[in-house]
Amino acid sequence: MNNKTYLKYYLLSLAGLAIACAYPVYMCIKVILMMVVSGAVPYKEYPKYIIPYTPIAVSLIAGVLIMPLIQKLFRRIDIIAGSAASLAVFFVTETFMETKILVMAERTVVLGSWQMSLCYVPPEQFESRPWKAVDVLLGGYSPLFKVHFYLISVVIIIALLNSFYGFARMIRTGDYKKKRALAVQTVTGVMFLGMCIWACFTAFYRTGDLVVKPVSAVLMGTFFALLGVTAGIFAASLMIAKRRLLSTVIPVVTSVLVTVLMYIGEMFLLNGHLYRFGRGLLFRGIPGMVLAPADILIIAAAGVITAVICVFINKKSNN
């Protein structure tokens, strides 16, 4: 092991992550100061999507900070142990912020309840939002809407930590058989995080109707599929050098299940409904199901893309 190279990688990773997470951490400090001064955060001054992104940032920093210790104590399962520790930090921070931060809107509510409204329309449209069909769907606050928030958060955390820990492990051991898988994981993880940030500031251009515009449909479909692929590649990185069936089937199943879970989270959010990506038979819910044929195609696409990447990764790792 090259101790100097490892130390340099560790410090650069920690510094880079601190810079990348500066804004979410700043949002948290800003909100805490407003709470101290006013007792609650005025909705017009509320930083967009402080949850779950501030807890994600804090958990990633914590996960990378303890990386040398984790890799020393848990050599074979370092990414599992590191992810578990980081996710524990995430859920503690998320729960604290959801229940202790108050937002002043039409009435003062806890942050978790306020965040639910932002899944429909961004905060700057709070007074003028055109509810239309969604107005009927938004009843009282339900914690079930957080299924998709938590799912997205978990995938971001494990995917990015997988890259940090994986490359660090290569430096420690000199074993580069996971290099391709980790490179792909880094690309998908960063792409998915980028789409999450894009969605935060645009909600992918939804207007409040259940039937979304074509641009929204393309972006939402891509987002759902990329979520599944990112989770599938994480599973694929754990399956390197395993039997070919396992190294492909398990990642594909993971990808499909995670994409389906995202749809379930959206269904909880919309009180048993889903956003529709267009009109007509392709986009209409199948009798007895909430999913439309278009949704099934998106789920299948996540699995197929994951399978293709797995074949590529395993082919390269075996050469």
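Each value in this text was obtained by applying a stated rule to the coordinates, not by laboratory testing. A quick note: this is a predicted structure, and the numbers were derived from the prediction, not measured. With ideal geometry, Cβ positions are generated from the backbone for all residues, glycine too; neighbour counts draw on all protein chains shown.
What three numbers, in Å, describe the spread of the alpha carbons of segment 215-319 along their principal axes, ordered from the longest?
The Cα atoms of segment 215-319 stretch 48, 23, 21 Å along the principal axes, largest first.
What value does segment 19-79 have for Rg/Rh, both radii from Cα atoms and Rh as Kirkwood defines it?
Working: Rg = 15.8 Å, Rh = 13.4 Å.
In segment 19-79, Rg relative to Rh is 1.19.
Listed here are the pairs Lys30/Lys179; Lys4/Lys177; Lys8/Lys178; Lys72/Lys177; Lys8/Lys72; Lys30/Lys146; which of them are more than 28 Å apart at the Cα?
Working: Lys30/Lys179 40 Å; Lys4/Lys177 22 Å; Lys8/Lys178 21 Å; Lys72/Lys177 20 Å; Lys8/Lys72 17 Å; Lys30/Lys146 24 Å.
Listed pairs above 28 Å: Lys30/Lys179.
For segment 237-319, run through the trypsin sites (Lys or Arg not before Pro) and keep only the ones in DSSP coil with at most 13 other Cβ atoms within 10 Å of their Cβ. Please report the intermediate quantities before stating the final value.
Values: sites: Lys242, Arg243, Arg244, Arg276, Arg279, Arg284, Lys315, Lys316; in loops: Lys242, Arg243, Arg279, Arg284.
Answer in residue order: Lys242, Arg243, Arg279, Arg284.
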